Amino acid sequence: MRAVLAVVMLALLVAACGSKEPKRDEPAPTAPQPQQRPTPASALERARVHTELGANYYEIGKLGVALQELNEAIAIDPKYVPAYNTLALVHMALREDDKARKRFQEALRLDPNDSDVNNNYGRFLCDRKQEKESVKYFLAAIRNPLYERVEEAYVNAGICARRAGDEASAEDFFQRALKLKPGDARALINLSQLYYARGDIAQAKANLTRFMQVVPSPDAGTLLYGARLSRMMGDRNAMASYGAQLRSRFPESSEARAFEEGRLE
């Protein structure tokens, strides 16, 4: 009898050990949750990514890959204006003017007030001898109060107005650019050249001096221009300085040869 009782007690003890309850402060085990599938990016977001890739390839000169990315962006979202704008720039670089014009016009149909498109299309027209028409697109870009590159559009308008023979408007545009950005190099050199053509040598020299403070390493053409202005003003020291820079930095250039031969007219 005692042996049977011992066996029963042992069985109860083993059962108690195998069914240990969790502590009160332990969290109860939870069933595994199903993983959520990632939400696919919107068409707009995917178009933006392809456009940024296309723009990056355009910047480094890989135009074929840029075309692929930008066409993919338009296929994803046919209303994404930046894709059309950048695609037009790529076609410009490839000298495919008809395609570039078409893409610019498509972008403007989608958003007539897009300042980047207006500014770029204005440049396109100006470079193709449509200077008068180009100016209205620069002005359309400028009208946007949120545009971050207004001074660039003003300088572009000034360059094209001057090419069209409207020097008064050109001067006004350059001055407006300088009010927004007093150190704008393009506005300064173009304004200097405008005054030079007008015969106002003092103003031309003053704006060139400001330009040189902004761009301490100008190209050969600007150095020759500086030498020419200095000669006209009788400033032989400045003329010699420009010549020395031409000889040291651009010894094989046509500008250096012109200086050495005294062809400063």
Arg48 surrounded by fewer than 19 Cβ atoms within 10 Å (Cβ to Cβ), closer than 30 Å to Pro112 by Cβ and either at pLDDT 50 or above or not small (Gly, Ala, Ser) (or both): yes
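Could you tell me whether any residue of the range 222-233 is within 23 Å of Tyr121 (Cα to Cα) and of a type in the set (D, E, K, R)? Give the steps one after another, and end with the answer.
Quick first cut of the range 222-233, residues within 23 Å of Tyr121 (Cα to Cα) only: none.
For the range 222-233, residues within 23 Å of Tyr121 (Cα to Cα) and of a type in the set (D, E, K, R): absent.
Checking the condition within 19 Å of Ala153 (Cα to Cα) and surrounded by fewer than 21 Cβ atoms within 10 Å (Cβ to Cβ), which residue from Arg231, Arg210, Arg198, Arg186 passes?
Numbers: Arg231 fails: within 19 Å of Ala153 (Cα to Cα); Arg210 fails: within 19 Å of Ala153 (Cα to Cα); Arg198 fails: within 19 Å of Ala153 (Cα to Cα).
Exactly one residue qualifies, and that residue is Arg186.
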message: List the helices (runs of 4 or more DSSP H) inside the range 67-158, counting only whole elements, that have at least 1 residues being more than 20 Å from the chain's Cα centre (by Cα).
response: 97-110, 131-142
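Among Arg162, Arg109, Arg95, which is the only one that is of a type outside the set (Gly, Ala, Ser) and in contact (Cβ under 8 Å) with a residue 12 or more places away in the chain?
Details: Arg109 fails: in contact (Cβ under 8 Å) with a residue 12 or more places away in the chain; Arg95 fails: in contact (Cβ under 8 Å) with a residue 12 or more places away in the chain.
Going through Arg162, Arg109, Arg95 in turn, just one is of a type outside the set (Gly, Ala, Ser) and in contact (Cβ under 8 Å) with a residue 12 or more places away in the chain: Arg162.
Criterion first (surrounded by fewer than 14 Cβ atoms within 10 Å (Cβ to Cβ), under 15 Å from Ala256 (Cα atoms), at pLDDT 95 or above and of a type in the set (A, V, I, L, M)) does Ala244 satisfy it?
Criteria met by Ala244.
Take the range 216-228 and flag every residue that is of a type in the set (A, V, I, L, M, F, W, C) and either part of a loop (DSSP other than H, G, I, E, B) or surrounded by fewer than 21 Cβ atoms within 10 Å (Cβ to Cβ) (or both).
Going through the range 216-228, the residues of a type in the set (A, V, I, L, M, F, W, C) turn out to be 220, 223-224, 227.
Matches in the range 216-228: Ala220 only.
So if I check each of Arg186, Arg176, Arg162, Arg198, which one is closer than 28 Å to Leu146 by Cα, over 24 Å from the mean Cα position of the chain (by Cα) and in the same structural domain as Pro145 (by TED's automatic domain parsing)? Full working, then the answer.
Details: Arg186 fails: over 24 Å from the mean Cα position of the chain (by Cα); Arg176 fails: over 24 Å from the mean Cα position of the chain (by Cα); Arg198 fails: closer than 28 Å to Leu146 by Cα.
Result: Arg162 is the single residue among Arg186, Arg176, Arg162, Arg198 that is closer than 28 Å to Leu146 by Cα, over 24 Å from the mean Cα position of the chain (by Cα) and in the same structural domain as Pro145 (by TED's automatic domain parsing).
When you check Ile74 against the structure, is it more than 24 Å from Ala161 (Cα to Cα), surrounded by fewer than 22 Cβ atoms within 10 Å (Cβ to Cβ) and touching a residue at least 24 places away in the same chain (Cβ under 8 Å), yes or no?
Working: more than 24 Å from Ala161 (Cα to Cα): yes; surrounded by fewer than 22 Cβ atoms within 10 Å (Cβ to Cβ): yes; touching a residue at least 24 places away in the same chain (Cβ under 8 Å): yes.
Judged against the criteria, Ile74 is a match.
With the requirement that a residue be over 16 Å from Met239 (Cβ atoms) and part of a helix (DSSP H, G or I), what does the range 203-215 give you? Break it down into steps so the answer makes sense when it comes.
To start, the set of residues in the range 203-215 that are over 16 Å from Met239 (Cβ atoms) comprises 203, 206-207, 210-211, 213-215.
Correct list: Gln203, Ala206, Asn207, Arg210, Phe211, Gln213, Val214.
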query: Which of the residues spanning the range 123-142 are surrounded by fewer than 16 Cβ atoms within 10 Å (Cβ to Cβ) and in contact (Cβ under 8 Å) with a residue 24 or more places away in the chain?
result: Arg128, Lys132
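The values are calculated or read from the model by the stated rules, or taken from the named source; none is laboratory data. None of these values were measured; they are calculated from a predicted model. Positions of Cβ are generated from backbone atoms using ideal geometry, with glycine treated the same way; all protein chains shown enter the neighbour counts.
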